[in-house]
Every structure is written in structure tokens, then in C-alpha cells.
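All of the numbers you see were taken from the coordinates with simple rules; none came from a lab. What you are looking at is a predicted structure, and each value in this text was computed from that prediction instead of being measured. Heads up, the Cβs are rebuilt from the backbone with ideal geometry, glycines too, and the neighbour counts pull from every protein chain shown.
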């Protein structure tokens, strides 16, 4: 178990820090074992009787052929490896549920469960047949060649909006909570034209009319791929310093340009999550620096990268990876 102590210098805002040792995550270096635990799992209530579960596409080897979604210890859904979201239905209103996801490869090997995430369904509404109003002013822009950012104006409903469905053509591809009016869609192909609409959903599963259609063409080629690297922090730098016989890792970066506030980041060392950084208040500005203890031994080399939790609750792409050595000069 790695012990991490964090010190942070922030451009405005209060900072809360959580430390995670050996949390589940996909080691994209591959290997001969079963698939890793899916990362970036989120769950959000879609109505009084449904929850939308999402996770990041697993990368590397072995190739994932299907994902299994669990409610508590019970498997409730199974989807092909090409999919990374599912709606869990027939749930009870006003109930808290815990979900996790496991990956299975072509040889039938089942990987470990992801981190458990919780979602609470809202209360049922009796005899509610009125649908929310149509979401307005849908806008979109590209975030690299593999992702787009969407934003819209809030719908109204006599009982409250529970969630928003994002649709690509006629297919639902994403869902966010009723308090959110922005989403980032990743996993798109470069050089492709897409059409998106948004519909509001209330707790009784009444759906609003679709918003206007926004059409976006992802740029062809370039450094960004279908992983949505336009959502990654930029200008990432890493160095080390020594104080009182201890070595510290110093990080700095610029927040990704997304619609909404990025208030949480995850730091990985050697592609394993070690620290989550959470602001207790929206940070001012788009730059931040962090420093945390990594040990007393000189000459230790580690790879470091960082990613942001996007306003819709999903994880963005990783920053460039830097290699640092305690007692060394600079990262590369």
C-alpha cells in the first residue's frame, strides 16, 4: 500500500483531499491476466424507477468482450464490450442502490469489480402525466477529434426534472442529472459529422419534446483520438524537490476547456490512482499547482499523469504522461 501525503497550492477555492491506495483502475500496459477493473464508473437516477450507469471504455489487453453490471452482489445487466453505459430499470422509488461493473475477456475470464458507486432514485409522483418543457438553446463544440461538449438551458416541470437524455441521432448515448445542463460525449470518430438532441425526463418517466438538433463535425486526424483527449488537462508539468530529507512531487497544469466547473482531479503514479483532489468551492482561474510527499529515497523513477472529472460526472482523458526521478532535475 502506498502512503501519500498531499500539500497543495491552489489558485483560489478551498481544497479537500482524499487519498486512495490501490483503487481499481485499468492498467493500460496490458498483461497476461484477466481484464482490469473498469474505471470512471458513475451512476445517476434517470427516474423514480431507473438509474443510468456509465464507465470508461477499457483500453489495452486483454480485449474486453462484455461488461457485467452488478446491483450490490447481483448481476443485473450484461452488455457487449463495445458499450459502456446501460439503464437499470424496475427499481424502487426513494431507494439507494450501489452499482459496480466487471469486464470479461474472450477467454471468459472475469476481472475484478470496479469501485462501487451509489445512486438514489427520487420519490414516485402519483398521476403525473405532464412532461417537462423542451430543453432550449442547445449548443455544442468539439473537444479534440474524439469528443464534443454540449450545453443547453434548463427545462421546467411541475414536479421537477430528474434527468436529461442525450441522443445521437435516434439513439440515447448518455444521461446526466436534472441539475446539470452540460455534458461531454467521448468515443467519437475523427472526421465525422454527428447530430445531437437533448430530452428532459421527470421522475414519472415523462419525456419532454426533443431540443433543437445541433450538428457537429469532429476534426479529422490530429493528436486527439476517439478517446476524447480534448478533455484532458493541458500544459502538464512535473518536477521534484527535496525538503528536510523528504522528496516531493510538484505538479502544474491548465484545466480542460469544458462547459461548467472542474472541481475534482485524479492523480496516477505508474498508472495507478493514488490521490483525488476535490475543491470545496469552485476554483478561480484555470491553473493549479500541487505538491505531495513521495518518500525519502533518491533515484526512484515514476510516471505521473492526471485527469479531470468533467461537469457531467464522467472522467476526462488523461494529460500527457511525465516521468520524474526523485533527486533528478526535470520531467520528460
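Brief remarks on what is shown
- Prolate/oblate/rounded call for the stretch 155-258, Cα gyration tensor, a/c under 1.5 rounded: oblate
- Relative contact order (%) - criterion: Cα under 8 Å, at least six apart; region: the stretch 35-76: 32
- Label zone of residue 179 (point 7 Å out along Cα→Cβ, amide N under 14 Å): in the stretch 297-318 this covers 311-313.
- Shown is the FRET efficiency for residue 107 and residue 242, computed with R0 = 56 Å from the Cβ-Cβ distance and rounded to the nearest 0.05: 0.75.
- Column: log10 I(q)/I(0), Debye, Cα scatterers of the stretch 236-275, q = 0.26 Å⁻¹: -1.05
- At R0 = 35 Å, FRET efficiency that the Cβ-Cβ distance of residue 63 and residue 116 yields, to 0.05: 0.90
- By average C-beta atoms within 10 angstrom, highest first, the peptides 68-77, 116-125, 181-190: 181-190, 116-125, 68-77
- Peptides 44-55, 235-246 ordered by average Cβ neighbours within 10 Å, highest first: 44-55, 235-246
- Ranked list, fewest to most other Cβ atoms within 10 Å of each Cβ, for 293, 194, 67: 293, 194, 67
- If you plug the beta carbon distance of residue 92 and residue 234 into 1/(1 + (r/R0)^6) with R0 = 41 Å, you get a FRET efficiency near 0.40.
- Ranked by the mean number of other Cβ atoms within 10 Å of their residues, highest first, the peptides 134-145, 168-179 fall in the order 134-145, 168-179.
- Across the stretch 42-114, C-alpha contacts under 8 Å between residues 6 or more apart give a mean separation that, scaled by the residue count, equals a relative contact order of 34 percent.
- Extended-chain gain in nm, criterion 0.36 nm per residue less alpha-carbon gap, residue 261 and residue 74: 63.8 nm
- For the stretch 42-114, convex hull of alpha carbons as volume per residue, Å³: 80
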